[in-house]
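Single-structure report; data block below.
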Amino acid sequence: MAWFKKTRKPMAATVKAKPSRVPEGLWVKCPDCAQVIYNKDLAANLSVCPKCAHHFRINAVERLRILFDGDWVEYDKDLVSTDPLEFTDTKPYKARLKAGIASTGMKDAAIVASGTIDGIEAIIASMEYRFIGGSMGVVVGEKIARAIERAIETRVPVVVVCCSGGARMMEGALSLMQMAKICGALARLDRARLPYIAVLTDPTTGGVTASFAMLGDLNIAEPGALIGFAGPRVIEQTIRQKLPQGFQRSEFLLEHGMLDAVVPRKQLKPYIARALEFMDQSSVAGRQSSA
Ligand SMILES: [Zn+2]
């Protein structure tokens, strides 16, 4: 005989609620203020919550649409990773690449294009978080380095919109080398006296923060973006201290001198245009000669 016996039947799971009649994907809930927003309203507001100004993550193409005046010319569209290490973790790297290409329609985690920003010619490199966390492998590195070299050839400024989890570990040391390669190209851009603006968006971490994201003539960020090198948990374990409120967010970094400005998404384009105009040597020379 059993010592314990269940005298009552266990409570049955509640019957599943009737399926909602609201179609999927029409409404979005703001993770900050829990406001429910109509999808089209959110898109019209550049994916910024109308109630609390939470900046939703947007994709690389939307970035170009927000910053460029109209059409743009894309470069190096077909560069693709060759999986040089034939890397496998929980999944083969090749399968991850394939999934990234299928879900984004891009060959890797960056788009590079030239166009005009309020009439100023510029090259923009925009990173795509949906492609393996926006991680920087050989292709992303090569695309950004070539973009900078193209800017030097054509004498135009460079804007990089960072959105990345850091270096791509599936390409090992090769991904780390991209940091040096891009920094080398940026040094040449600097010697050519051409401006570079880094726009840090949520999230900008790891090897991207540790290289080109922090090397702009201007480093600006969107409000509330996570920006850092190592994650807060790793830092807490290392220094054995509790981290302050808002640590690794744009506003905290601005306060501590790591950023030049925190610029809301709607003001990003006019802000960049004004800064480029300010830094443009030829227009200064032009004004002086006409004066
Ligand atoms: Zn909100």
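The values are calculated or read from the model by the stated rules, or taken from the named source; none is laboratory data. Given the structure is predicted, the values throughout are model-derived calculations rather than measurements. Every residue, glycine as well, gets a Cβ built from its backbone with ideal geometry; the counts of neighbours run over all protein chains shown. Heavy atoms of the whole protein, side chains included, go into the accessibility calculation; ligands, DNA and RNA do not. Shrake-Rupley method; radii C 1.70, N 1.55, O 1.52, S 1.80 Å.
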### Query
What number of residues within the range 240-291 are assigned to a helix (DSSP H, G or I) and either modelled with pLDDT under 90 or under 23 Å from the mean Cα position of the chain (by Cα) (or both)?
28
### Query
Where residues in the range 207-225 are touching a residue at least 60 places away in the same chain (Cβ under 8 Å) and touching a Gly at 6+ places or on another chain (Cβ under 7 Å), which of them is surrounded by the fewest Cβ atoms within 10 Å (Cβ to Cβ)?
Gly207
### Task
Report whether or not Leu26 is touching a strand residue (DSSP E or B) at 6+ places or on another chain (Cβ under 8 Å) and away from the ligand (no atom under 15 Å from the Cβ).
yes
### Query
Out of curiosity, is Ala198 in a helix (DSSP H, G or I), free of Cβ contacts under 8 Å to residues at least 60 places away in the same chain and not polar (S, T, N, Q)?
no
### Query
Filter the range 123-138 for residues that are out of contact with any strand residue (DSSP E or B) (no Cβ under 6 Å at 6 or more places or on another chain) and of a type in the set (A, V, I, L, M, F, W, C); which is farthest from Cys163 (Cα to Cα)?
Val138
#### Entry: Scan of the range 78-96 for residues that are open to solvent by 70 Å² or more (accessible area, probe 1.4 Å), touching a helix residue (DSSP H, G or I) at 6+ places or on another chain (Cβ under 9 Å) and over 12 Å from Glu171 (Cα atoms), ordered by number
Val80, Lys91
### Task
Collect the residues in the range 48-77 that are aliphatic (A, V, I, L, M), outside any loop (DSSP other than H, G, I, E, B) and touching a residue at least 60 places away in the same chain (Cβ under 8 Å), keeping them in residue-number order.
Val48, Ala60, Val61, Leu64, Ile66, Leu67
### Task
Specify the residue that is farthest from the ligand (Cβ to nearest atom); the eligible residues are those in the range 29-47 that are assigned to a helix (DSSP H, G or I) and of a type in the set (D, E, K, R).
Lys40
### Query
Would you pick out the residues in the range 84-114 that are touching a strand residue (DSSP E or B) at 6+ places or on another chain (Cβ under 7 Å) and assigned to a loop (DSSP other than H, G, I, E, B)?
Ala109
### Task
Scan the range 212-219 and give yes if some residue there is in a helix (DSSP H, G or I) and under 20 Å from Ile66 (Cβ atoms), otherwise no.
yes
### Query
Out of the range 101-133, which residues are farther than 15 Å from Leu276 by Cβ and touching a residue at least 40 places away in the same chain (Cβ under 8 Å)?
Thr104, Met106, Ala109, Ala110, Ile111, Ala113, Ser126, Met127, Glu128, Tyr129, Arg130
### Task
Filter the range 127-175 for residues that are part of a loop (DSSP other than H, G, I, E, B), more than 17 Å from Glu74 (Cα to Cα) and either aliphatic (A, V, I, L, M) or open to solvent by 50 Å² or more (accessible area, probe 1.4 Å) (or both) and give the result.
Tyr129, Arg130, Arg155
### Summary
Filtering the range 100-116 for residues that are more than 19 Å from the chain's Cα centre (by Cα) and surrounded by 13 or more Cβ atoms within 10 Å (Cβ to Cβ) leaves a count of 2
